[in-house]
1. D126 - would you say it is free of Cβ contacts under 8 Å to residues at least 40 places away in the same chain and closer than 30 Å to T11 by Cα?
2. Does the range 238-245 contain any residue that is of a type in the set (A, V, I, L, M), open to solvent by 10 Å² or more (accessible area, probe 1.4 Å) and in a helix (DSSP H, G or I)?
3. Which residue is farthest from G340 (Cα to Cα), if the candidates are limited to the range 55-85 and must be open to solvent by less than 20 Å² (accessible area, probe 1.4 Å), modelled with pLDDT of 85 or more and out of contact with any Ser or Thr (no Cβ under 8 Å at 6 or more places or on another chain)?
4. Can you tell me which of P375, P364, P349 is out of contact with any Phe, Trp or Tyr (no Cβ under 6 Å at 6 or more places or on another chain) and in a loop (DSSP other than H, G, I, E, B)?
5. For the range 34-47, what are the residues that are at pLDDT 95 or above and open to solvent by 10 Å² or more (accessible area, probe 1.4 Å)?
6. List the number of the failed condition for E196; all other conditions in (1) modelled with pLDDT of 90 or more; (2) open to solvent by less than 30 Å² (accessible area, probe 1.4 Å) hold.
7. With the requirement that a residue be of a type outside the set (D, E, K, R) and touching a His at 6+ places or on another chain (Cβ under 9 Å), what does the range 382-391 give you?
8. Consider G337 carefully, then state whether it is of a type outside the set (V, I, T), under 20 Å from V162 (Cα atoms), touching a residue at least 40 places away in the same chain (Cβ under 8 Å) and outside any strand (DSSP E or B).
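The values are calculated or read from the model by the stated rules, or taken from the named source; none is laboratory data. Predicted model only: the values in this text are computed from it and were never measured. Positions of Cβ are backbone-derived with ideal geometry, glycine not excepted, and every protein chain shown enters the neighbour counts. Keep in mind that these areas ignore ligands, DNA and RNA; they rest on the heavy atoms of the full protein, side chains included. Shrake-Rupley method; radii C 1.70, N 1.55, O 1.52, S 1.80 Å.
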Amino acid sequence: MDSETLLARITDYASRPNPYPLYAELREAGPVVRQADGSYLVGTYHEIAALLHDPRMSVDPRIRGEVTHKPPFLRLDDPEHHRLRTLAMRPFGPPHSPGRVDAMRGEIDRITKELAEPFEAGRQIDIVDDFAYPLPVAVICHLLGVPREDEPLFRAWSDALVTAADVRPEEDTTETDKAGDQARVEMGGYLVNLAEQRRGRPGDDMLSAFANEPDPALRLTQEELAETAVLLLIAGHETTVNLITNGVLTLLRHTEHLDRLRRDPDLLPRAVEELLRYEPPVHMRERIPRAEIDVAGTVLPEGTSVVLALASGNRDPQRFPDPDRFDPARPDNEHLGFGGGIHLCYGGPLARLEAQAALGALIPHLGTARLVQDPPPYRQSAMLRGPRHLPVQL
């Protein structure tokens, strides 16, 4: 059956420019479709949302014996997940640091204006390398307290980790897994070393806050600090690069909305929500049932791989009217762009702020801009989907 090869076809690099017809095929085949490799693919909005909130669904790869080291809290279940996520959140957001993200607004505006300043008419730019990558990297470096000059180091580490985390059915992932583990160790060591340098000499950054936590009960162990800092550094820029780049690509394909946003910049926050639905930076998430779970008449066996196709749920006509239409003023837009349940992306408020500032700074320069290449070359990852380059003629 063709439906049994859907995951392999969706993750095939040839589908990267436009996986959406395959997602439509997935929803047509049923809420849940078993794949040839024994995994299950879920593509409808209400079923995905329910599974994201189901405590029987695990994210911990150790329950299948895939890894022995303790993963970051993104791949842990409660109560471990809750403890570590709470500790990681303390220096980042409410209730302990309620002004942290909002206080970044001025810095984000300053960086976006600085990056967009050289964009003059007649020039060709690459939205990724010239803008969408440097912005979130500068922001997360500032937040964590990582020197910008070390950015080339963690770009290579990030690439290895993103490749290792990708969903790749029917592929031997031994080498990429090994490279990912190596990158995790090196990057974790680098960040722990930075934090240690701040012990007793804190700055106004998150690594300082982790290293100088006065309450022993709230301190991260060295291993937890390494995993948490690696996660924050990668999650803090990888997805936002895709959100901004996919946003520019979408607006240049729908120039009537580009004009509308230029005339009415107050619409930008809603436009960003629509981009998170229409072209989300994260396309799928994997879960592992701790027990048999019945979903719409299909039983998900305990311990099997279940791939939740978030991007497919975002285009489900049962939830969103006319879902393949980009509508920056779309009402009732409760998308799956940041996941859901206990693992809802806690960097969401920062990503929204960065995307709004980025598009606000770019839109004045995109009046007569055109795409040099459409579709552009995409990154390898099917899970974190976005262009690797986006050449634009201003």
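1. On the way: free of Cβ contacts under 8 Å to residues at least 40 places away in the same chain: no; closer than 30 Å to T11 by Cα: yes.
For D126, the condition - free of Cβ contacts under 8 Å to residues at least 40 places away in the same chain and closer than 30 Å to T11 by Cα - is not met.
2. As a first pass, look at the range 238-245 and keep what is of a type in the set (A, V, I, L, M): 241, 243-244.
From what's left, open to solvent by 10 Å² or more (accessible area, probe 1.4 Å): none.
No, that holds for no residue.
3. P61
4. Details: P364 fails: in a loop (DSSP other than H, G, I, E, B); P349 fails: in a loop (DSSP other than H, G, I, E, B).
Just one listed residue meets the conditions, P375.
5. R34, Y40, T44, Y45, H46, E47
6. Of everything listed in (1) modelled with pLDDT of 90 or more; (2) open to solvent by less than 30 Å² (accessible area, probe 1.4 Å), E196 misses just condition (2).
7. Restricting attention to the range 382-391, the residues satisfying the condition of being of a type outside the set (D, E, K, R) are 382-384, 386-387, 389-391.
Residues satisfying the conditions are A382, M383, L384.
8. Details: of a type outside the set (V, I, T): yes; under 20 Å from V162 (Cα atoms): yes; touching a residue at least 40 places away in the same chain (Cβ under 8 Å): yes; outside any strand (DSSP E or B): yes.
Here the answer is yes, as G337 does meet what is asked.
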